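Engineer: Pasting in a structure now, in structure tokens, and then I'll have a few things to ask.
The values are calculated or read from the model by the stated rules, or taken from the named source; none is laboratory data. Just so you know, these numbers come straight off a predicted model, no measurement behind them. Note: ideal-geometry Cβ built from the backbone for every residue, glycine included; neighbour counts use all protein chains shown. All accessible areas refer to the heavy atoms of the entire protein, side chains included, with ligands and DNA or RNA removed. Shrake-Rupley method; radii C 1.70, N 1.55, O 1.52, S 1.80 Å.
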Amino acid sequence: MKSPGIDGQLELFAQDFFAALEPSAPPSPPRALFKAPPAPPRITLPTPPRAPDAPPLRRILLGSQTIDYSLRRSSRRSIGFMIDDDGLRVTAPRRVTLAEIDNAIRAKQRWILTKLQERGERRALRQQKPPVQWVDGAELPFMGAEIVLRLEPAARSHCRFNEEARELCVGVAPGLSEWQLQQRVRIWLQDEAKRVFAERLDLYAARLGVTYTSMTLSSAGTRWGSCSVEGSIRLNWRLIHYALPLIDYVVAHELAHLLEMNHSARFWAAVESVYPDYDGAKAALRKRSQELPVIFPD
């Protein structure tokens, strides 16, 4: 084989030289070895609603979170905290200063932030569920089971429950709007709640040996009930969506406050005396409240 001459060697050298001068392709950017998970959605912490004639909410900074809370003064001896879907409520003796109240909140800030986060997550989960469609054949939760909504043309609006068929028949008058239909069903549910709650209150009051003075319905987030020192019981009408054993737990809980206006060991002993599985009922009520769809978009 003939070796290249001087001219051939010079040509090969020139090719190598000029090839070395050509710009190389830009390096590809480094790829991440691990893909970061998407950031979780930001949970809005609940804030207490404020009635027009109520005092303004108070505000405090806990870590990086700004918390609005309602403050009520009372004759109690210590500062009390209540957290539900409506946010943080603080009840304090009249003699305690605002600075002392804020210090007490900061001392319990881990517990407060954890509970508010849980409530915010619970509300977010419920809002993600598709709301009830107000059409013929829709299913509504009532007393722990489903009932079927039946819409029928009528000259005047009416609401009639067929217990055997588990159907709620609503007369739809000409021009009836969906909002009016919802209100008609809500009124029927509230009437049923009054009837059922009164029966269960009388039953458990006799078992506990207490007497309550009145019962009214509330529409709080998921604060299921309350009891005043005067014996006035307030029960959330939305409890009518749940099974009777869960209604009974809330009724027994509030009536037991007529014996102990606190959540001491003696209070829970009173609840247990008429409702032994109160822990199971609390867990079931929390779980079921997360499973229900949005029925009335308030």
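Engineer: Condition check: in contact (Cβ under 8 Å) with a residue 24 or more places away in the chain and either of a type in the set (D, E, K, R) or open to solvent by less than 10 Å² (accessible area, probe 1.4 Å) (or both). Does R195 satisfy that?
Structural biologist: Here the answer is no, as R195 does not meet what is asked.
Engineer: So which residues in the stretch 220-243 are closer than 19 Å to R123 by Cα and not hydrophobic (A, V, I, L, M, F, W, C)?
Structural biologist: Residues satisfying the conditions are G221, T222, R223, G225, N236, R238, H241, Y242.
Engineer: In the stretch 282-297, which residues are over 13 Å from the mean Cα position of the chain (by Cα) and without any contact (Cβ under 8 Å) to a residue 12 or more places away in the chain?
Structural biologist: Our first condition is that a residue be over 13 Å from the mean Cα position of the chain (by Cα); within the stretch 282-297, this holds for 282-284, 295-297.
Matches in the stretch 282-297: A283 only.
Engineer: Now for a separate question. State yes or no: is S273 of a type outside the set (V, I, T), open to solvent by 60 Å² or more (accessible area, probe 1.4 Å), in contact (Cβ under 8 Å) with a residue 12 or more places away in the chain and not in a loop (DSSP other than H, G, I, E, B)?
Structural biologist: Taking the combined requirement at face value, the residue satisfies it.
Engineer: Follow-up question, since we're still on this one. Check the stretch 235-257 and report whether any residue there is in a strand (DSSP E or B), open to solvent by 60 Å² or more (accessible area, probe 1.4 Å), within 24 Å of E118 (Cβ to Cβ) and in contact with an Asp or Glu (Cβ under 9 Å, 6 or more places away or on another chain).
Structural biologist: No, the stretch 235-257 contains no residue that is in a strand (DSSP E or B), open to solvent by 60 Å² or more (accessible area, probe 1.4 Å), within 24 Å of E118 (Cβ to Cβ) and in contact with an Asp or Glu (Cβ under 9 Å, 6 or more places away or on another chain).
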